[in-house]
1. Given Cα positions, please report Rg to Rh for the stretch A:357-483, the hydrodynamic radius being the Kirkwood one.
2. What GluC sites (Glu not before Pro) does the stretch B:402-450 have in DSSP loop regions with at most 16 other beta carbons within 10 Å?
3. With a cap of 15 neighbouring Cβ atoms within 10 Å, and only residues DSSP puts in a loop, list the trypsin sites (Lys or Arg not before Pro) found in the stretch A:183-249.
4. What is the fewest-to-most order of A:Asp397, B:Asp401 by other Cβ atoms lying within 10 Å of their Cβ?
5. I need the per residue convex hull volume for the protein assembly as shown, using only the alpha carbons, in cubic angstrom as a whole number.
6. For peptide B:168-174, how many partner chain Cβ atoms fall within 10 Å of a residue's Cβ, on average?
7. Please list, in chain and number order, the residues 5+ apart from A:Gly316 or on another chain whose amide H is under 5 Å from its amide H, with Hs placed from the backbone.
8. So if we plug the beta-carbon distance of A:Arg90 and A:Glu406 into 1/(1 + (r/R0)^6) with R0 = 60 Å, what FRET efficiency do we get, rounded to 0.05?
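Read-outs throughout are calculated quantities, based only on the coordinates presented, and are distinct from any laboratory measurement. Bear in mind the structure is a predicted one, so any value in this text is a computation, not a measurement. Reconstructed Cβ throughout: ideal geometry from the backbone, glycine too, with neighbour counts over all protein chains shown.
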There are 2 protein chains.
Amino acid sequence: MKFNVRSEENLTMLTDLYQLTMMQIYNEDEKEIGCFDMFFRKNPDKAGFTVFAGLDKVIDYVQNIKFEEDDLNYLRTLDLFDEDFLDYLRDFKFECDVWAMPEGTVVFPNEPLITVRGPAEQAQLVETAVLNIINHQTRIATKAERIVRAADGRPVIDFGLRRAHGVTAAVDGAKASYVAGMAGTSNVLAGKKYGIPVKGTMAHSFVQKAKKEYDAFERYAKRYPDKTVLLVDTYDVLKSGIPNAIKVAKEILEPQGHKLQGIRIDSGDLVTLTKKARKLLDDAGLDYVKITVSNSLDEYEITRLLAEEAPIDSFGVGERNITAKSDPVLGGVYKLTEVEDQNELVTAKIKISESQEKTTNPGFKKVWRVYDSLTNKAMGDVLTLAGEDVDVMRMEDYVTDEALKEAMVVEDYMVKELMVPIFNKGALVYDVPTLEEVRDFCKAQVETLTDGVKKFENPDKYNVDLSDELYELKLELIEEMAA
Amino acid sequence: MKFNVRSEENLTMLTDLYQLTMMQIYNEDEKEIGCFDMFFRKNPDKAGFTVFAGLDKVIDYVQNIKFEEDDLNYLRTLDLFDEDFLDYLRDFKFECDVWAMPEGTVVFPNEPLITVRGPAEQAQLVETAVLNIINHQTRIATKAERIVRAADGRPVIDFGLRRAHGVTAAVDGAKASYVAGMAGTSNVLAGKKYGIPVKGTMAHSFVQKAKKEYDAFERYAKRYPDKTVLLVDTYDVLKSGIPNAIKVAKEILEPQGHKLQGIRIDSGDLVTLTKKARKLLDDAGLDYVKITVSNSLDEYEITRLLAEEAPIDSFGVGERNITAKSDPVLGGVYKLTEVEDQNELVTAKIKISESQEKTTNPGFKKVWRVYDSLTNKAMGDVLTLAGEDVDVMRMEDYVTDEALKEAMVVEDYMVKELMVPIFNKGALVYDVPTLEEVRDFCKAQVETLTDGVKKFENPDKYNVDLSDELYELKLELIEEMAA
């Protein structure tokens, strides 16, 4: 199924009020070009990396920017905007250039994920929606990738819909989780919208509603003879659930040439229960019946279950993934890096902070990734100014970090530029990949990382370096500010 | 502005796949009536109570349930549903009875917030969307109420849009925050959709883009002479931001008969900075200029700032409210409590759990709240079976908790039934209040709680009791299950 990038969702009004009041001023003044970077400062969960997601929706948003009459009527009631500005909004046309990391790229703190350059009032308008979309989807994709990795090849299904923060959190969260390697979702709307495989078993209410547990199992198995996963923990997993499941598998399904697909356990001590369930199933000749578990799972719990050799074939993961419960916010920001006036005079901009690590990187930039040619592992990223005449064969000359520089001198390396053009003066110039392509790309991206960077706890730090020229510009601006 | 309950948003497909596979079976079998309760088991943030929100959206969802042709076409591709069932979905009409707490009610663990009773397949279908909506909005309203209470009368504005989990999290989160007492939002779409007051100041980029900080301030003040709040921390609050703000107030605004509305500080030590800023402003004769602060605020940080006597007039609160970062999930569930077959035989249902506190309360129930007549404070809640002939003048007879019973015997009390009818056989029978009415009701509700229940840390436990009859039914079913 083709990944449906175009939608009818109009997010134009999904903006902070100040974007519009600032825009009205920019629109009245001499026109200037602004350049903004979207980036974040810390990997969530103290992880070693982050998985970039949400670009498809940013593209969709930008392509559908349109202030409708009822939007303008509403804005008129605020007594802030004059009719000239409302006319301008009515005819608004996005004309910026946009570069971005491809969706699924593994990314790191303080490097631009999206760069928007164009009429300052336009680049300013899109700040809020871009942050809302990227902060959400990137956060969930990053969490889901950890959970999928913990499951070590076993399918993980998103069960988070009922605990997500509303509709978009559930639907786009399911999509971000799929990008990161989940195998499907219980969420029907996400399945329809994005073509993600939808999965499901049965609820405790289905078992409770029947007179007996066996009756419920029998009924379900007869109705869906090739697609039945029985929920075995409504009463007692080992005394009742598994024996009834075995009876259904042997007496109802097998005689008709069908196979029970699986059983699900949603409570209790999952290590003990799955081991005993596996033995009961195997002893009954049902080694083909898969065991799936759910109930407050995340990367740590899944790691523990597998370390204790729980015989689990797949996982259903809910609230801890869909809300990224352990650390629910990616604090992405969108900062001005450069202004170009009507005389084409370019001024780099910096935002100083008391904490040096929060001080922004100025200027219109490019991001380069250095790979070890032998292992194909990423060694570090280098930010340069977009105007620098970078010789990728001599990339070590652009690197300031001594360890990275040394590694590059003694080893063979390859360099790739990470951000790609998305919009050119507002026109889409990017061939948006399908969701399956994004998912494959994400998997390949994670494989380029060293085991040290991928550790769940105390990961190795991945180096994001500044070129000499960029570093000097930054120092210069910091000094200028202090003067 | 009238609270716009009706929307065009069709959430029919926002459901877990298993609801539809179970529904297909229920639809083929003899029709039964099911009764389900939506409730939660723990107050988030270890709080003493929770603020119920989202009912307006549940009503909107239920009224707009409609499977469209493209939904059915999608479901057909799943190879799970036959044409009879798809025809049934095409003509689906919701015919359940629904009761709920009014939005803004203060609620407690294990009491029904919403009860749905009707054709089992219909009551089952709505589970997922009801949980998604209520879990989200109730979680955010509960967080926002704490933050508003910490601000002790000072306005709090929602600045969370850019960090929310997608569109709905931001828009409905702003609405839930407004229900809980916030004074407005920066979110323009939420303002338009719900009529919430929208507020804004300016971004750091606005100040950075100008040649000098003063130029930016002057420009903004001239453009919005009666509505200017200047962001004073782009460079140095005390050496540059405040002096420039004073200059603009005195030299640009006052001579024209205008007043600078306020200044905003978004970084640094807010206690020290606001005290020094206040003094500088007052010394310049600008005691009317308000000080607003933002930056990682929540109920604890606001309490600390005010305890240290920071002279703050209003707060902008972002990610910690809009994601309920400290504890982002309300674990609301939706459990079967009763089945009525075609012969009108009613069977109460219970879901046993290893942990006794997770065992559900069976049967179709009502919820009563007991108030001390003198203080108007809520003393406790009592769950009874809906069929019990409750004499509210003798409510102590229905109470099993000894302390509550004793308190009721010696004191004057009033009893109110909490849940109200929302739908009668699918027809809306509830006069949906405006958002302002809900907000006022919520405020009054919080005032009925004792200070002990409202404590941020280690609050008093509020008693939710079962009537004798309900308690006996529960014991009976537990024994039956064990047999």
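1. Details: Rg = 16.7 Å, Rh = 16.6 Å.
Answer for the stretch A:357-483: 1.01.
2. Numbers: sites: B:Glu402, B:Glu406, B:Glu411, B:Glu417, B:Glu436, B:Glu437, B:Glu447; in loops: B:Glu411.
When the GluC sites (Glu not before Pro) of the stretch B:402-450 are filtered for loop state and at most 16 Cβ neighbours within 10 Å, B:Glu411 remain.
3. A:Lys211, A:Lys212
4. Numbers: A:Asp397 12, B:Asp401 15.
Listed from fewest to most nearby Cβ atoms, that is A:Asp397, B:Asp401.
5. Working: hull volume 167.6 nm³, N = 966.
Convex hull of Cα atoms, per residue: 174 Å³.
6. Numbers: counts 9, 11, 9, 5, 4, 3, 0.
So the per-residue partner count for this stretch is 6.
7. Distant-sequence amide H within range of A:Gly316: A:Ile157, A:Val293, A:Ser294.
8. Working: r = 58 Å, r/R0 = 0.97.
Efficiency computed from Cβ-Cβ geometry: 0.55.
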